[in-house]
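Written out below as structure tokens is the structure these notes cover.
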Amino acid sequence: MIKKGNLYFPTKEFKKRALIKSAAIYKTAAKNPIKFWEKLAKELLWQKKWKKVFSHRPPYFKWFVGGKLNITENCLERNLEKRKNKVAFIWEPEPIAAPNGRASPSKTGREERERYFTYYDLYREVNKLANALKKLGVKKGDRVGIYLPMIPEAIISMLACARIGAIHTVVFSAFSPQALRIRLQDTTAKILITADGYYRKGKIINLKQNADKGVKSTKVKKVIVVKRAKNEIPWQRKRDLWWSDLIKNEKEFCKPAAMDSEDTLFILYTSGSTGKPKGIVHTTGGYMVQANFTGKWIFDLKEDDIFWSMADVGWITGHTYSCYGPLLTGTTFLIFEGAPDWPTPDRWCKIIEKYGVTTFYTAPTAIRMFEKYGIKLLKRYTFNTLQILGSVGEPIDTAAWQWYFKEVGREKCPIVDTWWQTETGGILITSLPGIGPFKPAFTGLPFPGLRVNILDEKGKSLPVHKEGNLVILPPFAPGLLRGVYKNPKKYLETYWSQYGKRIYFTSDTAYRDKNGLIRIVGRVDDVIKVAGHRLTTGELESAIAKHPDITESAVVGIPDEIKGEVPVAFVVSHKKRKAETIAKEVREQVRKEIGPIALPKKVYLVEDIPKTRSGKIMRRILKRLFTKEKLGDLSTLANPESVKKIKEVIVK
Ligand code: WTA
């Protein structure tokens, strides 16, 4: 990389290899974004061409109107012509295979081998499951729940649903049964695909047991179970089916459903401001075009690349860049079942080396964790196959950026710091690797064709260096959400009311530098990013409220060295309870309602929570108790004395 001032640019050699190397693309796209996307869409396979590229009836919009397609024909058939026996993806299990024949470090004493799926293998597996689902009565438009860890069957399941036009709802495997239930109830899914168990840091997690609890009081009639960890599981003879039995005799071809461009492809839930998560609706045609081209250009995916995105399929990053994006581009990608620092802190390095990974995509929280283990560990690795590094999920600070750039990328890899959201379906802001520029802590330029702005509260456009609300302007991007499942009011309120129905409000604040590079500052709503996972303080508070002894609670995200942010909770009880016991119970409550990722770092039992005279909880003040910021004027509070008392509790 070439450094000019505080900016970095790709070298000539890098540029030569890159798919997109001329900044002219920005100009062409800006002239007519609709035409730009149309041209791209033509490179993909459509059963019937669209009549209109973009239509807009604020706050609703459509892309490729009237077009018919099936995304799996693009992920599979389209690749069979040239890449039939090319590896589509490699699965690396957690229990490590010891290549030198020595004992595996896995605590369970198991050793396993990676699995390779060629495009042809994947095609056959997807078709078989699609046929099996059909036999179970799954029809176009039906919702199917997928509660699977990072195993090949997760990808096969998503594609099998898409093949027959069923809508998949993937639920992160570390979510609690209660979190699973809410999603199954909201979608009224009749089928759930899960596994017996999976490995996490040497332990077997009994997923089936959680799934059984989660399907209670839902419409689920059949549970398909993948045999993964071979652990003992409860079984309901009439309801449960082994995956392997189900597909055994199925045909290797299933006719791809003709999907309308605007038919729903999947629903993915993200935390809402109350206890109820929002079902983000993504449709087929636009999402496909965006997943394909963002994947291809931002990660510069070429025929000989090995792309590894660490994201789990339970999150949007996993949907778009651990499944659809790389498959659409015909890339070989990697999925990994375990934690990147297990059984040794350099497991992730070993994986990069083992497969010669060329593009590595992870989150700042992982980067900070890698950094903490020390650079001595990295000296053993050359990382000479790496070409591009990616970051996603939260702002990456300058120190972490520099560390990643130097110690992992060895100063030769561009870092694509990719800004996007569950709602945007694919990456929307980042500099392109063959063009740049890259600047530590700045995510970069909007993707070609994307019109964004930074506005003040009144909607006035802000000049360089001034922080304000990041918004997206029409025609948006083809993959932007089309709705909140069964909740049009929420759709309108959350995204289209701050500045009216024509401007998409991201809930992020940002500013621009003089080169037009965008720096994301943070959320203006109650979303907190815990180790890159999206949670809301409101969601945690409603989980805590279910504890019978708790009258009131306030949750805030406080800075954390590794995880970026972590939740802490302040609780008030109407009963005389011991602080330690109640803290334990509150954490248990959160684990039960949401899952271990949301556990508050600390729970403080307090007498009172600071509030305004109108009764609004002042979370800002609670947060400042943990940062170096001044508390500010407390006179607006109805109960200013509560702050002093809370301070005492925290110090204890
Ligand atoms: C934050 C994840 C800074 C942002 C794909 C956004 C980022 C929220 C970045 C969406 C980035 C994501 N730099 N902040 N590169 N990427 N964010 O839905 O606040 O889990 O609104 O999607 O993550 O989180 P979500």
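In segment 608-621 there is no residue that is assigned to a loop (DSSP other than H, G, I, E, B) and touching a residue at least 60 places away in the same chain (Cβ under 8 Å). Can you tell me which residue within segment 496-516, out of those that are within 13 Å of the ligand (Cβ to nearest atom) and buried (at least 22 other Cβ atoms within 10 Å of the Cβ), is farthest from Phe61 (Cα to Cα)? The extreme case among them is Ala510. The combined condition, being within 23 Å of the chain's Cα centre (by Cα) and either within 16 Å of the ligand (Cβ to nearest atom) or surrounded by fewer than 21 Cβ atoms within 10 Å (Cβ to Cβ) (or both), is not fulfilled by Tyr381. Restricting attention to segment 465-480, the residues being among the small types (Gly, Ala, Ser) and either at pLDDT below 95 or surrounded by fewer than 23 Cβ atoms within 10 Å (Cβ to Cβ) (or both) number 1. In segment 62-83, the residues that are touching a residue at least 12 places away in the same chain (Cβ under 8 Å) reach residues that are of a type in the set (Val, Ile, Thr) with C-beta atoms within less than 6 angstrom, at least six apart or across chains, in these pairs: Ile71/Thr284. The set of residues in segment 76-97 being touching a Leu at 6+ places or on another chain (Cβ under 6 Å) and either of a type in the set (Asp, Glu) or within 27 Å of Tyr198 (Cα to Cα) (or both) consists of Ala88, Ile90. Scanning segment 402-445 for residues that are within 13 Å of the ligand (Cβ to nearest atom) and not in a loop (DSSP other than H, G, I, E, B) yields Tyr404, Ile415, Val416, Asp417, Thr418, Trp419, Thr422, Glu423, Thr424, Ile429, Phe438, Gly444.
Name, by its number, the condition in (1) within 19 Å of the chain's Cα centre (by Cα); (2) away from the ligand (no atom under 16 Å from the Cβ); (3) buried (at least 24 other Cβ atoms within 10 Å of the Cβ); (4) not polar (S, T, N, Q) that does not hold for Asp300. It is condition (1) that Asp300 fails.
Of the set (1) away from the ligand (no atom under 16 Å from the Cβ); (2) crowded, with 22+ Cβ neighbours inside 10 Å, all apply to Thr537 but (1). For segment 387-401, enumerate the residues that are in contact with a helix residue (DSSP H, G or I) (Cβ under 7 Å, 6 or more places away or on another chain) and away from the ligand (no atom under 12 Å from the Cβ). Listed by number, the list holds a single entry, Leu389. Residues that are of a type outside the set (Asp, Glu), within 24 Å of Met310 (Cβ to Cβ) and surrounded by 22 or more Cβ atoms within 10 Å (Cβ to Cβ) within segment 75-92 comprise Cys75, Asn79, Ala88, Phe89, listed in sequence order. Within segment 210-222, does at least one residue satisfy the condition of being in the same structural domain as Gly145 (by TED's automatic domain parsing), part of a strand (DSSP E or B) and within 18 Å of Arg183 (Cβ to Cβ)? Scanning segment 210-222 turns up at least one residue that is in the same structural domain as Gly145 (by TED's automatic domain parsing), part of a strand (DSSP E or B) and within 18 Å of Arg183 (Cβ to Cβ). Contact map, segment 409-433: first residue aromatic (Phe, Trp, Tyr), second residue more than 9 Å from the ligand (Cβ to nearest atom) and at pLDDT 95 or above, Cβ cut-off under 6 Å, separation 6 or more or different chains; pairs are Trp420/Leu428. Looking only at residues in segment 193-234 that are basic (Lys, Arg) and crowded, with 17+ Cβ neighbours inside 10 Å, the one that is nearest to Leu246 (Cα to Cα) is Lys222. With respect to (1) free of Cβ contacts under 8 Å to residues at least 24 places away in the same chain; (2) out of contact with any His (no Cβ under 8 Å at 6 or more places or on another chain), the lone exception for Thr551 is condition (2). I'd like to verify a number: residues in segment 263-284 that are among the small types (Gly, Ala, Ser) and in a strand (DSSP E or B), how many? Going through segment 263-284 one residue at a time, the tally reaches 1.
The values are calculated or read from the model by the stated rules, or taken from the named source; none is laboratory data. The model shown is predicted, which means the values in this text are computed figures rather than measured ones. When we count neighbours, we look across all protein chains shown, and the Cβ atoms used for this are built from the backbone with ideal geometry, even at glycine.
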